[in-house]
Amino acid sequence: MYLIISAILLPFAAAALIPLIHNRLGRLNIGWLALAIPLSLFAFFVYQIPAISAGETFTETLYWLPSIGIDMTVYLDGLGLIMALLITGVGSLVILYSIYYLSAADSLPHFYAYLMLFMGAMLGVVLSDNLMVLYVFWELTSISSFLLIAFWYHRKNSRAGAQKSLLITVFGGFAMLAGFLMLHTMTGTFSVRQIAVELTQYANHELFYPAMFLVLLGAFTKSAQFPFHIWLPDAMEAPTPVSAYLHSATMVKAGIYLVARFTPIFGGNSAWFWTVTLVGLVTLFWGAFNAIRQTDLKALLAYSTISQLGLIMSLLGLGSAAMQTGITAEAAAVYGLASFAALFHMVNHSTFKGALFMAVGIVDHQVGTRDIRRLGGLMAFLPFTFTIAIIGSASMAGLPFFNGFLSKEMFFTASLEALNMEMFGLGTWGWLVPVIAWAASVLTFVYCAIIVFRTFFGAHKPEKLDKIPVEPPFGMLLPPAILSFLIVAVFFFPNLLGDHLLRPALNGVLPGITGAAPHIKAWHGFNTELWMTVAIVVFGTILFISFRKWKGIYKLFPAGWTFNALYTNSLKGIERASSYLTNSYMTGHLPHYFAYIFSFFVIAAGGTLIWSGALNIDLANDSPLSVYEILLVVVMAMAAVAILFAKSRVSAILLNGVLGFSIAMFFVLFRAPDLALTQLVIETVTTVLFLVCFNYLPDWKKENSPKHVKVRNTIIAITGGLTITLIGLSVNSADLYETISGYFEDSYELAGGRNIVNAILGDFRALDTLLEGLVLFIAGIGVFSLIRLKVRKEPNDNEN
Amino acid sequence: METLIIILVGVLTAVAIYLVLSRNLIRVILGTAIFSHAVHLLILTMGGLKNGTVPLLGEDATIFVDALPQALILTAIVISFAVTAFVLVLAYRAYQELGTDDLEEMRGADDE
């Protein structure tokens, strides 16, 4: 049974079907049909929870290219399951939401087909065991993300944002592919599980670190880690359901997933530990710092997503310390808490960020803007949306009674643990980890406050709004309401999630390490973590109130020195350089193109001949010469050269006839009667055709090209002729292969023909001859239509 | 014999390339015609020359020249004729429409 593979392929099938059937649905919104797919898949994956949490894993293999080790092997373990549940669960809610969010003017079949494409690709990423298959799905997510960001493609910003996300994520994808190939070179397998077993013996291999960093590059670009985060804010041009789904809940977590999946492979290595932790921490801080200055609610959420992704990434980095060799089981369990917190926060982030995106989408949809300078006082108009937004923000800020509090406390515990780690040179710098974590959390509190207070409190500014705000339909409120419910439910019953999903998932990140998954508790007593949270609230409130006084700090960063400017400038530079290069040789002159072709031929073919040492001239096997033949050769050579100097076109065409008829003579001499006959007929017809055409063509003018052009052409012509001669002589002197003509000499027995040439044409290769007839036929149609076709001139009356 | 023919092929190729590089359309077409002559000779020579009798069974012979290149050339002759005819008419038509057979002047025509 290929149940899991079918689960991956089902959305692809839906993506193919949706454009076909949407016309037959009448007034039924295609979204309702699309909704059935993630719902049923979600049910399927929920059904797997008991077995997976009992420690089982499932593997299915569909053979694709077994000879080179590329098979569609899917592997469902705790880590894959938790991702699959996020993909299908959030996917269901987002589709329900989008049914109300999108208007009838939008191209719904495109939207849902792209969304299904993404869903299938994303499931493929998190369930594939084979790296090559994973890579294919990985790039498919980039492509579907591109299509969805550019969904409103009539907007310039949408197209630019789509291009930016595609360039950056595909760049990372290519790097990752190179890393995968290096892993394959070292271990000889594409299976992630197999590599995890075998790679330990290659820690000193020269490809070990290149492979690690290339794989990380793929993960960092996809998960918008600093400095590749710049694509995510621009991706907010996508419709809000897409932002909620791809660009906060699922696709950007592919990089997180990849790092988690590769922790058993690279975990315990100090370079891995430092890179993942530091990049995560810098992203955490930079994202939060930039979120505060945003005036567009979606851009603010984008930066906050970047920041939260950095948080999860740094946790995975800290947790990888548990894989270090030579530490005690207790220490491994303590460090492993960070990885548990990463998974926990990943789930929590999907709930609160999904809810927030949907709430902001409702504000945008119902009010007509999401610019916080125009918003304010919406609490009275959108009470439900307000409730959802405040639950999501409070969870993101890490306040009690919401799931974000639990994972943020765990984050602090893990970061404080870095103080005690006596490895990787952490002794002196370990204090940085909790300090950055705390500072970024203060900033997180500030931007969460901005979302709630600037939008829903303060004065209502009806003069700045296009619409009078009213609550949206129930179907639009339901998805974020479900997520808000989960936010609270997880806080009160965290171990339901922890025991059944996170613990088995942790086993996929840190295999063989037991005891790292804690019993989650909300109350730990008055410990450092709690005081850190209290300090966050105090400092965060102060910073929020005094924001106007310190926002000048953002002006300290010159506008020309951002990563965005670097991206824009290099893109412009590349475009300029490539158009300059292309225009420099694509001149529109046919002679130029011919000159490139022949020069390339001379350099490539002639050069290969000389450098590879294939040049070999041996005259020993030549057949004897006769006087007639020498005479014919001389005649032909003279006729050919004379064409170049012909004064009139009639003499040129007659000289060409001399060549043709001489070749017919050669065919006679070389025992080829059929060729001689054909050549005579064809040459006669060709000569007549030329002469007839000349009646309609202008006179033969003297070639009046500049001298240097003539010299260049002469050099190309002579070297070209020389190359052909040398290749011909070398081939003639070598005897590499046995001739196959002996086979055809049985033509009477095989084909019933005594004329071998005719038998080849009419029997052995009859299909070729048939198609040759087709070519003649097509040429005939071409000739006929070129002569008869009358191009209607476009009326030019306006100009006259 | 083979060496001599191959050198002739080289001469024909050089002439053909020079003509094809010309800016006059008729010269280009003549060049392609000479190209096919050169290629036919080359293919025939590669199969070996005069090392057997005519490839007709029942001629009281046991050794025949290679028949395969001959079959190839027979096809090639016909195809090259079709191509020559087509480009000739193309040139005719281009001259009718554009009033020139100079490739330099054709550049930038509306049809491009």
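Table for the structure above
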quantity	calculated
Segment A:116-121 - phi-based ³J(HN,Hα) in whole Hz, Karplus 6.51/-1.76/1.60, Gly and Pro as x	5, 4, 5, 4, x, 4
For segment A:291-405, alpha-carbon Rg over 2.2 N^0.38 Å	1.34
Volume of the Cα convex hull of segment A:667-733, divided per residue and given in Å³	126 Å³
Förster radius 35 Å - calculated FRET efficiency between residue A:200 and residue A:47 (Cβ-Cβ, nearest 0.05)	0.45
Dipole of the protein assembly as shown, positive direction: furthest Cα of A:614, A:265, A:251, with charges on the beta-carbon	A:251
Largest to smallest principal axis extent of the C-alpha atoms in segment A:433-581, angstrom	60, 50, 39
Alpha carbon convex hull of segment A:267-545, volume per residue in cubic angstrom	115 Å³
Calculated Rg and Dmax of segment A:207-324 using C-alpha coordinates, Å	14.2, 45
Least to most buried among A:247, A:524, A:500 (fewest other Cβ within 10 Å first)	A:524, A:500, A:247
Gyration tensor (alpha-carbon) shape descriptor, segment A:66-173, a/c threshold 1.5	oblate
Projected label distance in nm at residue A:65 and residue A:580, using a 7 Å step from Cα toward the beta-carbon	3.9 nm
Shielding by partners - mean other protein chain Cβ count within 10 Å, residues of A:751-757	5
Residue mean of other protein chain beta carbons inside 10 Å, A:579-591	2
Cβ-defined net charge surrounding residue A:349, 14 Å radius [Lys, Arg +1; Asp, Glu -1]	+3
Farthest toward positive dipole pole in chain A [+1 Lys/Arg, -1 Asp/Glu at C-beta], among A:476, A:386, A:718	A:386
Aspartates and glutamates whose Cα lies under 13 Å from that of residue A:222, excluding same-chain neighbours fewer than 8 positions away	A:139
Estimated FRET transfer efficiency (residue A:599, residue A:770; beta-carbon r; R0 56 Å; 0.05)	0.90
Span from the segment A:65-122 Cα centroid across to the segment A:205-245 one, whole angstrom	19 Å
Stokes-Einstein diffusion coefficient of segment B:2-102, Kirkwood radius over Cα pairs, 10 °C, 1.306 mPa s, in µm²/s	102 µm²/s
Estimated FRET transfer efficiency when R0 is 35 angstrom, pair residue A:572-residue A:371 (beta carbons, to 0.05)	0.80
Fraction of alpha-carbon pairs over 26 Å apart in segment A:501-640 - percent	76 percent
Estimated 222 nm signal from helices in chain A, with DSSP H stretches of n ≥ 4 weighted -39500 (n - 2.57), rounded to 500	-22500 deg cm²/dmol
Proxy reagent accessibility, fewest Cβ within 10 Å first, across A:457, A:598	A:457, A:598
Tail fraction, Cα-Cα pairs, segment A:1-53, threshold 18 Å, whole percent	42 percent
Length gained when the stretch residue A:749-residue A:612 is fully extended (0.36 nm per residue, less Cα-Cα span)	45.0 nm
Spatial extent of chain A: Rg and Dmax, with the Cα atoms as the point set, Å	36.1, 113
Of every Cα-Cα pair in segment A:335-472, the percent that sits beyond 25 Å	39 percent
Stokes-Einstein D (µm²/s) once Rh is taken as the Kirkwood radius of segment A:464-536 over alpha-carbon pairs, at 20 °C in 1.002 mPa s	132 µm²/s
For residue A:70, residues with placed amide H under 5 Å, excluding near neighbours	A:65
For segment B:16-36 versus segment A:475-553, the gap between their alpha-carbon centres in whole angstrom	77 Å
Residue among B:10, B:36, B:20 farthest towards the positive dipole end of segment B:2-102, charges placed on Cβ	B:20
Alpha carbon centroid spacing (whole Å) that separates segment A:649-690 from segment A:356-413	87 Å
Residues whose placed amide H lies under 5 Å from that of residue A:129, excluding near-sequence neighbours	A:73, A:74, A:75
Least to most buried among A:748, A:97 (fewest other Cβ within 10 Å first)	A:748, A:97
Relative contact order (%) - criterion: Cα under 8 Å, at least six apart; region: segment A:267-545	25 percent
Net charge of Cβ neighbours under 14 Å - reference residue A:570; Lys, Arg +1; Asp, Glu -1	+2
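Rule-based calculations on the coordinates, nothing more; no lab input. As the structure is a prediction and not an experimental result, all values here were calculated from the model. Neighbour counts are summed over all protein chains in view; Cβ atoms, including those assigned to glycine, are modelled from backbone coordinates with ideal geometry.
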